[in-house]
Structure formats: C-alpha cells, structure tokens
Amino acid sequence: LVLSAGFVSRAPMEVMRGSMPIRSMTYYMKRGLFRFFARHFGHILVPDRPFSEGYFLDEALQFRRALRLPLVYVGGLVSRSKIEEVLGCGFEAVQMARALICEPDFINRLRQGEERCACTHANYCIARMYSREMACHRHCTLPPALQRELERAERKEAGRR
C-alpha cells in the first residue's frame, strides 16, 4: 500500500510542501482569464506550506502501527539519513519524486555514498506539471522573471531549515 495525502489538484501544497512559485505556474497557462486570476489570487488558493523532510512520517506511522501489510512511505525524502530512518520504522519501501526530477541519478549517487539530493523545494517542477512536462528548474533555461522568483523561493526554503 502506497501512503499519500491525496491529490495535488485538491490540496497541492499539503501534498507537496515548500514554496509555490505562482509566477512560474501562471507563465505556462494558456487560458487568459484563468491565468489572470491564478496570478493575482494563487497565493490564496495555493498557500505555501513549509517543507521539512519526511513531513508525513507521523501520520504514516499511525498506519504502520495499525496495518500488517507492506507499506510504502511517501513524503519529501531527499537524504540518506531520513530514508534510513523511515525504513527503520518498518516501511518496506520509500517513494521519491522531486528528488529524482532534480537528480535522476540520485539513487546511484546514494549507493556511492552521497548523503543528500540538491532539490531546494522551489517547486518549479510542480508549478508547470499540468501545462508542460515536469522538469527541475536546474535543467531549464528560464526567463529572468522566473529565475528571480525561484531564487527567492530557494532562499525562503533555506531560511526555514
């Protein structure tokens, strides 16, 4: 059983955590009126939720204690130490998305001794996932306004740690 908190389209930052780059999200939207409202009111509809690694672990442990079937943990894993902690809590596997979007070879790098993924949770990949293919901003050439927004988001997330 893969544990999750629901659908990104219903509660995006509850599920994803981190900064939500509204300018990046609306930049790729096609519909003008929807784009206008999302740009000006998106911060109300999609509020930021601070990222902390393993943000669903407490809730997932409630399932682990109550169920006797294999469970897959989902929820912001980007370091060897947190992955080992989660597996040590009795989960059979972990799921990662943003870490692998940022660094597709992250698993191999973990095997080679690397401790942490470079994902900064600026969430550009999430901002564009319904209008383009998912991609980390580190792998894209961006317009200056989007680059500035993502740099602000990275600083904001770094200040929360």
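The values are calculated or read from the model by the stated rules, or taken from the named source; none is laboratory data. Quick caveat: nothing in here was measured; it's all calculated off a predicted structure. No Cβ is skipped: glycine too gets one built from the backbone with ideal geometry, and neighbour counts run over all protein chains shown. Accessible surface areas use protein heavy atoms only, side chains included; no ligands, DNA or RNA. Shrake-Rupley method; radii C 1.70, N 1.55, O 1.52, S 1.80 Å.
Just need a number here: residues in segment 72-95 that are in a loop (DSSP other than H, G, I, E, B) and either loosely packed, with under 12 Cβ neighbours inside 10 Å or more than 17 Å from the chain's Cα centre (by Cα) (or both). Show your work before the answer.
Residues of segment 72-95 that are in a loop (DSSP other than H, G, I, E, B), as a first pass: 75-78, 89-92.
Subsequent filtering for residues that are either loosely packed, with under 12 Cβ neighbours inside 10 Å or more than 17 Å from the chain's Cα centre (by Cα) (or both) retains 89-92.
Qualifying residue count, segment 72-95: 4.
Ile44 passes all but one of (1) open to solvent by less than 90 Å² (accessible area, probe 1.4 Å); (2) modelled with pLDDT of 80 or more; which number fails?
Checking Ile44 against (1) open to solvent by less than 90 Å² (accessible area, probe 1.4 Å); (2) modelled with pLDDT of 80 or more, the one that fails is (1).
Kindly indicate whether Arg23 is basic (Lys, Arg), at pLDDT below 90 and not in a loop (DSSP other than H, G, I, E, B). Explain how you work it out, then say what you get.
Numbers: basic (Lys, Arg): yes; at pLDDT below 90: yes; not in a loop (DSSP other than H, G, I, E, B): yes.
Yes; evaluated as a whole, the condition is true for this residue.
Across segment 26-69, what is the total count of residues that are farther than 21 Å from Ala127 by Cα and not in a loop (DSSP other than H, G, I, E, B)?
Going through segment 26-69 one residue at a time, the tally reaches 10.
Inspect all residues belonging to segment 68-86 and state whether any of them is within 26 Å of Cys136 (Cβ to Cβ), acidic (Asp, Glu) and at pLDDT below 90.
Residues of segment 68-86 within 26 Å of Cys136 (Cβ to Cβ): 72-86.
The next check asks that each one be acidic (Asp, Glu); those that pass are 84-85.
Pick out the ones that are also at pLDDT below 90 and you get none.
Within segment 68-86, not a single residue is within 26 Å of Cys136 (Cβ to Cβ), acidic (Asp, Glu) and at pLDDT below 90.
Specify the residue that is nearest to Asp58 (Cα to Cα); the eligible residues are those in segment 1-20 that are open to solvent by 80 Å² or more (accessible area, probe 1.4 Å) and modelled with pLDDT under 65.
Among them, the one singled out is Phe7.
Is it the case that Tyr130 is modelled with pLDDT under 90, surrounded by fewer than 17 Cβ atoms within 10 Å (Cβ to Cβ) and either within 19 Å of Pro21 (Cα to Cα) or of a type in the set (A, V, I, L, M) (or both)? Give the steps one after another, and end with the answer.
Details: modelled with pLDDT under 90: yes; surrounded by fewer than 17 Cβ atoms within 10 Å (Cβ to Cβ): yes; either within 19 Å of Pro21 (Cα to Cα) or of a type in the set (A, V, I, L, M) (or both): yes.
Here the answer is yes, as Tyr130 does meet what is asked.
Scan segment 99-127 for residues that are within 15 Å of Leu150 (Cβ to Cβ), part of a helix (DSSP H, G or I) and modelled with pLDDT of 90 or more and report the count.
To start, the set of residues in segment 99-127 that are within 15 Å of Leu150 (Cβ to Cβ) comprises 101-102, 118-127.
Within this subset, residues satisfying the condition of being part of a helix (DSSP H, G or I) are 101-102, 124-127.
Then drop every residue that is not modelled with pLDDT of 90 or more, which leaves 101-102.
Of the residues in that region, 2 qualify.
Every residue, every condition in (1) within 21 Å of Arg155 (Cα to Cα); (2) surrounded by fewer than 20 Cβ atoms within 10 Å (Cβ to Cβ); (3) within 15 Å of the chain's Cα centre (by Cα); (4) aliphatic (A, V, I, L, M), yes or no:
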site	(1), (2), (3), (4)
Ala60	no, no, no, yes
Pro70	no, yes, no, no
Pro104	no, yes, yes, no
Ala122	yes, no, yes, yes
